[in-house]
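In what follows, a structure is listed as structure tokens, so that the remarks can point back to it.
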Amino acid sequence: MPSPQKAKGSGFEREVARFLSDLYGESFIRVPNSGAYIGGKNKERKQVLHEGQVRSFKGDIIPGQSFTKLNAECKSYADFPFNLAVTGECKVLEGWLNQMMGVAEPDDLNVLFMKFNRKGRFAAIETKYDWTVKNFLHYSSIKHNDWIITDFDNFFELNKDLFKALCGSTDTKSLSILNQHYCVAQTV
């Protein structure tokens, strides 16, 4: 029987997978026995797996078929030291980013989904993309550049199509949105 914390984390991974499946109409699932299958001490496993297998075991979520560049981690905890994130000295957040980025490929879209008791759900995304957000916390990682931490639901309300396009979607609508996004970003 899993520990209560492990069950809580697994439940949040399933919650995120269901949300993304419903939002995009593709099958997202929790990685079975999630927990660094190809990360950390298990990096050598990447040498014997084909691209699809590596993609399936990165992070905590096996992405939908058109989300070839998605690398997602999910964390569910009782609390989070937002005060330390503001000062740039948040060891907890650095540890989570290290875990996620340890399996990331250079062109991946890396996203950290977080849920905290009585605080809500949040998404941490790299600032190298031009996201639309209403309210956010800017976090400068010691090793992994700059990140935006924002409300989970609000992030997807404002960035649904861009998120899909950046994750490697090849559908015409997503490619058009991505092209418009880069044309606007280059003219500003």
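Please go through the range 126-169 and give me each residue that is surrounded by 15 or more Cβ atoms within 10 Å (Cβ to Cβ), among the charged types (D, E, K, R) and over 19 Å from Gly64 (Cβ atoms), ordered by number.
Glu126, Asp151
Only one of these conditions is not met by Arg118: (1) surrounded by fewer than 19 Cβ atoms within 10 Å (Cβ to Cβ); (2) under 21 Å from Glu26 (Cβ atoms). Which number is it?
(2)
Find all pairs meeting these conditions: Cβ atoms under 6 angstrom apart; at least six residues apart or on different chains; first residue within the range 110-134 and more than 16 Å from Asp79 (Cβ to Cβ) and modelled with pLDDT of 95 or more; second residue of a type in the set (Gly, Ala, Ser) and not in a strand (DSSP E or B).
Asn110/Ala104
So Glu94 passes all but one of these: (1) under 17 Å from Asn145 (Cα atoms); (2) crowded, with 19+ Cβ neighbours inside 10 Å. Which condition number does it fail?
Answer for Glu94: the failing condition is (2).
Could you list all residues from the range 120-135 that are within 15 Å of Met101 (Cα to Cα) and either out of contact with any strand residue (DSSP E or B) (no Cβ under 9 Å at 6 or more places or on another chain) or of a type in the set (Val, Ile, Thr) (or both)?
Ile125, Thr127
Which residue is nearest to Glu13 (Cα to Cα), if the candidates are limited to the range 68-93 and must be hydrophobic (A, V, I, L, M, F, W, C) and assigned to a strand (DSSP E or B)?
Cys74
List, please: which pairs have Cβ atoms under 6 Å, are six or more places apart or on different chains, and start with a residue in the range 13-27 that is closer than 19 Å to Tyr77 by Cβ and end with one that is surrounded by 16 or more Cβ atoms within 10 Å (Cβ to Cβ) and of a type in the set (A, V, I, L, M)?
Ala17/Ile29; Ala17/Ile61
Which ones in the range 10-23 are over 15 Å from the mean Cα position of the chain (by Cα) and either at pLDDT below 95 or crowded, with 18+ Cβ neighbours inside 10 Å (or both)?
Passing the criteria: Ser10, Gly11.
Do you know which residues across the range 105-115 are crowded, with 19+ Cβ neighbours inside 10 Å and either β-branched (Val, Ile, Thr) or over 17 Å from Pro81 (Cβ atoms) (or both)? If you could, list the steps in order and put the result at the bottom.
To start, the set of residues in the range 105-115 that are crowded, with 19+ Cβ neighbours inside 10 Å comprises 108-115.
Of everything in the range 105-115, those that are crowded, with 19+ Cβ neighbours inside 10 Å and either β-branched (Val, Ile, Thr) or over 17 Å from Pro81 (Cβ atoms) (or both) turn out to be Asp108, Leu109, Asn110, Val111, Phe113.
Can you work out which of the residues in the range 138-188 that are among the β-branched types (Val, Ile, Thr) and part of a helix (DSSP H, G or I) is modelled with the highest pLDDT? Show your work before the answer.
Filtering the range 138-188 down to residues among the β-branched types (Val, Ile, Thr) leaves 142, 148-150, 170, 172, 177, 184, 187-188.
Checking the rest, the ones that are also part of a helix (DSSP H, G or I) come to 172, 177, 184, 187.
Working: Thr172: 57, Ile177: 60, Val184: 50, Thr187: 44.
Across the range 138-188, the extreme among qualifying residues is Ile177.
Inside the range 70-91, can you point out the residues that are surrounded by fewer than 18 Cβ atoms within 10 Å (Cβ to Cβ) and either under 21 Å from Val31 (Cβ atoms) or without any contact (Cβ under 8 Å) to a residue 12 or more places away in the chain (or both)?
Of everything in the range 70-91, those that are surrounded by fewer than 18 Cβ atoms within 10 Å (Cβ to Cβ) and either under 21 Å from Val31 (Cβ atoms) or without any contact (Cβ under 8 Å) to a residue 12 or more places away in the chain (or both) turn out to be Tyr77, Pro81, Asn83, Leu84, Thr87, Glu89, Lys91.
Quick check on Trp96: is it in a helix (DSSP H, G or I), in contact (Cβ under 8 Å) with a residue 12 or more places away in the chain and of a type in the set (Phe, Trp, Tyr)?
Numbers: in a helix (DSSP H, G or I): yes; in contact (Cβ under 8 Å) with a residue 12 or more places away in the chain: yes; of a type in the set (Phe, Trp, Tyr): yes.
In short, yes.
The values are calculated or read from the model by the stated rules, or taken from the named source; none is laboratory data. Bear in mind the structure is a predicted one, so any value in this text is a computation, not a measurement. Virtual Cβ from ideal backbone geometry, glycine too; neighbours counted across all protein chains shown.
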